[in-house]
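Written out below as structure tokens is the structure these notes cover.
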Amino acid sequence: MPRSTLFAMMALATAAVAPEATQAVPFSPANLVKLEQIDTPIVDAGRIDGVMHLQLVVETGSASTANDLSQRMPELRAASLAASIEFARLRASPFTALDVSKLSQSLTPALQRVDPDISRVLIVRATAFRS
């Protein structure tokens, strides 16, 4: 499946869930940056209790910003990992469903510190498993 088609399908799925959020930035598949999967440990009482797997897409305000961010992937991944570790420490459990709305609200400001032209972080897939 072509990359642009995949991104368009993800955006349409997101639009069905949160229509008010999609109106802030005109949608274009060129404005999206896909991150590699992020695996975050879920730590409880000082031991690793599980792992959270995240598949993220970053929506930017312009195609040129998306292109620039594609070259800055280590910074995006580092910010995503730090924010997801903090989320997992406070709000994740391998025994309950992840609150992806709160997760997105945690990830978006962290990635906006990397580049303020980032509109939001879209969570394509989020799972938590016991290790």
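What follows is calculated from the coordinates using simple rules that are stated; it is not laboratory data. Please read all numbers here as calculations on a predicted model, not as lab measurements. Please note: Cβ atoms are built from the backbone with ideal geometry, for glycine as well, and neighbour counts cover all protein chains shown.
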Using the alpha carbon gyration tensor of the stretch 81-131, what are the three equivalent-ellipsoid semi-axes (square root of 5 times each eigenvalue), largest first, in whole Å?
-> 22, 11, 8
Local net charge near GLN37, Cβ-Cβ under 15 Å (Lys/Arg +1, Asp/Glu -1) | +1
By the mean-Cβ-within-10 Å protection proxy, highest first, 51-59, 29-37 rank as 51-59, 29-37
